[in-house]
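Below is one structure, written out as structure tokens, with a few remarks after it.
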């Protein structure tokens with residue numbers, strides 16, 4: 001909630017909020033409530049259209065912290081969904097650094113973690129939607145990551161390019177937690 005306004009987001013970024021959040025996540029890795037709130041903070045910090053915030057969060061270790069949260073509490077659907085949204089917001093953008101952020105998500109195990117979350121929470125329609133949108137965003141314009149996602153167990157429809165009818169790139173569209181969602185259809189596991 002801190003970063004709904006661009007000026008507040010800029011101030012939080014300059015104050016090193018991403019580093020503080022990543023630190024809190026590593027201090028209490030198995031506390032689902034801490035992970036959920038920290039993930040929401042990353043979602044908000046990396047919201048909007050300002051890509052510098054995303055770059056700084058990734059450089060502070062956000063991708064690794066997000067994936068570790070997914071691994072630490074795999075049975076908590078709320079944490080899994082929020083982690084996917086955090087990955088989306090970190091990877092969102094068409095700036096020069098966007099490809100690097102997507103590659104970092106994959107390097108940290110993001111593809112495997114998202115595929116696992118989608119399969120673990122196969123009865124959750126929101127998890128199916130957010131998982132497919134997250135995978136689609138991570139692999140956007142990085143063909144080798146699409147291949148890797150499929151090798152990790154992702155259905156081809158989950159990572160189908162937008163230009164080939166793959167649905168929305170992201171129903172989050174880079175906005176903060178609490179904004180309306182755009183629906184997309186994705187198959188179950």
Q) On a 0 to 90 degree scale, rounded to 10, what angle separates helix 98-107 from the longest Cα axis of the chain? A) 80
Q: On a 0 to 90° scale, report how tilted helix 62-72 is relative to the longest principal axis of the chain, with both axes built from alpha carbons and the result rounded to the nearest 10.
A: 60
Q: Subtract the Cα-Cα distance of residue 24 and residue 144 from 0.36 nm times their separation in residues, and report this length gain in nm to one decimal.
A: 39.9 nm
(Q) Starting from the 7 Å offset along Cα-to-Cβ, what nm value, one decimal, do you get for the label separation of residue 97 and residue 5? (A) 2.4
Q | Inter-probe distance in nm under a simple model that places probes 7 Å from Cα toward Cβ, at residue 49 and residue 37 | A | 3.3
Q. In degrees from 0 to 90, rounded to the nearest 10, what is the angle of the helix 110-120 Cα long axis to the longest principal axis of the chain?
A. 60
**Q.** Footprinting exposure proxy for 157, 13, 96 (fewest neighbouring C-beta atoms within 10 Å first)
**A.** 96, 157, 13
Q: Before anything else, pin down the relative contact order of the chain: Cα pairs under 8 Å, at least 6 apart, normalised by residue count, whole percent.
A: 22
**Q.** Sequence of 122, 92 once ranked by neighbouring C-beta atoms within 10 Å, starting from the fewest
**A.** 122, 92
Q.
Over the Cα atoms of the chain, what radius of gyration and what Dmax do you get, in Å?
A. 14.8, 43
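No lab work stands behind these numbers, since they all come straight from the coordinates. Not measured: the values here are computed from a predicted model. Cβ sites come from the backbone with ideal geometry, for glycine too, and all protein chains shown count toward neighbours.
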